Amino acid sequence: MIKPSNILNHIGPRKNLITGILFFFGVVTFSVVLSSCGGTKSIESTASTQPSGWYKVIEVEQTPIFEGHPTLNFDLTQNRISGNTGCNDYSGTMVYPEANSNNFTLESIMTTKMYCNDPVMAIEFKFLKILGLPMGWQHKGDTLSLYTDGPQAAIIAVKKPGQ
């Protein structure tokens with residue numbers, strides 16, 4: 001009859017080898033899974049479609065908007081952006097420094113000149129200041145982010161329903 005203690009003594013030296021092999025395959029499997037997730041994430045983060053139609057601005061310079069939401073209407077066939085600042089209407093022409101790029105400058109910006117309450121006018125001032133800067137877009141799903149020179153989006157907008 002074989003005693004359990006004899007089996008454990010016989011397996012003991014091989015146990016470290018087996019544990020080492022299992023650990024190695026565990027690390028390799030984990031690395032493969034992690035790198036495949038990272039690869040998918042980087043593909044998603046670089047995927048960006050062109051904006052079109054109407055968007056409601058929900059954030060300007062990392063400040064959520066609760067009153068007087070500006071709007072953006074992208075008409076890339078005419079190279080125009082128009083909309084409302086939350087108070088006044090505006091329109092401008094998009095100029096691309098590079099062909100087939102998501103970087104642009106909005107030039108010849110025209111606005112109406114009505115006065116609204118101070119919080120809405122403060123948003124309008126920031127919004128128009130940003131629109132006058134060179135920027136680029138990142139468009140994922142229904143969310144449009146406009147970037148100027150920093151890592152944070154200067155303007156975040158969501159597609160209006162039915163667009």
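The values are calculated or read from the model by the stated rules, or taken from the named source; none is laboratory data. Since the model is a prediction, treat every value here as computed from it, not as a measurement. Methodologically, a virtual Cβ is constructed for each residue, glycine included, from the backbone with ideal geometry; neighbour enumeration extends over all protein chains shown. With ligands, DNA and RNA removed, areas are computed over all heavy atoms of the protein, side chains included. Shrake-Rupley method; radii C 1.70, N 1.55, O 1.52, S 1.80 Å.
Does LEU72 count as of a type in the set (A, V, I, L, M), open to solvent by less than 40 Å² (accessible area, probe 1.4 Å) and closer than 13 Å to GLN50 by Cα?
Details: of a type in the set (A, V, I, L, M): yes; open to solvent by less than 40 Å² (accessible area, probe 1.4 Å): yes; closer than 13 Å to GLN50 by Cα: no.
Spelling it out, it is not the case that LEU72 is of a type in the set (A, V, I, L, M), open to solvent by less than 40 Å² (accessible area, probe 1.4 Å) and closer than 13 Å to GLN50 by Cα.
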Only listed residue being of a type in the set (A, V, I, L, M, F, W, C) and over 15 Å from ILE65 (Cα atoms), chosen from ALA157, ALA153, ALA99: ALA99
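Answer with yes or no whether VAL120 is assigned to a helix (DSSP H, G or I) and surrounded by 12 or more Cβ atoms within 10 Å (Cβ to Cβ).
Working: assigned to a helix (DSSP H, G or I): yes; surrounded by 12 or more Cβ atoms within 10 Å (Cβ to Cβ): yes.
Considered against the rule, which asks whether it is assigned to a helix (DSSP H, G or I) and surrounded by 12 or more Cβ atoms within 10 Å (Cβ to Cβ), VAL120 comes out as yes.
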Here's a check for you: in the stretch 75-116, which residue that is under 25 Å from GLY150 (Cβ atoms) and β-branched (Val, Ile, Thr) is surrounded by the most Cβ atoms within 10 Å (Cβ to Cβ)? THR85
Pairs under 7 Å by beta carbon, first residue free of Cβ contacts under 8 Å to residues at least 24 places away in the same chain and more than 16 Å from PRO51 (Cβ to Cβ) in the stretch 82-101, partner open to solvent by 50 Å² or more (accessible area, probe 1.4 Å) and outside any strand (DSSP E or B), six or more apart or different chains? ASP89/THR112
Meets criteria (open to solvent by less than 60 Å² (accessible area, probe 1.4 Å), within 26 Å of LYS140 (Cβ to Cβ), outside any loop (DSSP other than H, G, I, E, B) and modelled with pLDDT of 95 or more) for ILE58: no
Mind checking whether some residue in the stretch 118-125 is closer than 21 Å to GLN50 by Cα and in contact with a strand residue (DSSP E or B) (Cβ under 9 Å, 6 or more places away or on another chain)? no
Quick one: how many residues across the stretch 67-107 are at pLDDT 95 or above, among the polar types (S, T, N, Q) and assigned to a loop (DSSP other than H, G, I, E, B)? 2
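Quick one: how many residues across the stretch 45-55 are of a type in the set (Ser, Thr, Tyr), closer than 22 Å to GLY162 by Cα and either in contact with a His (Cβ under 6 Å, 6 or more places away or on another chain) or not in a strand (DSSP E or B) (or both)? Reasoning before the result, please.
Step one: of the stretch 45-55, the residues of a type in the set (Ser, Thr, Tyr) are 45-46, 48-49, 52, 55.
Next, only the ones that are closer than 22 Å to GLY162 by Cα stay: 48-49, 52, 55.
So of that shortlist, the ones also either in contact with a His (Cβ under 6 Å, 6 or more places away or on another chain) or not in a strand (DSSP E or B) (or both) come out as 48-49, 52.
The qualifying residues number 3.
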Taking into account only those residues within the stretch 133-145 that are surrounded by 13 or more Cβ atoms within 10 Å (Cβ to Cβ) and of a type in the set (Gly, Ala, Ser), which is farthest from the chain's Cα centre (by Cα)? GLY136
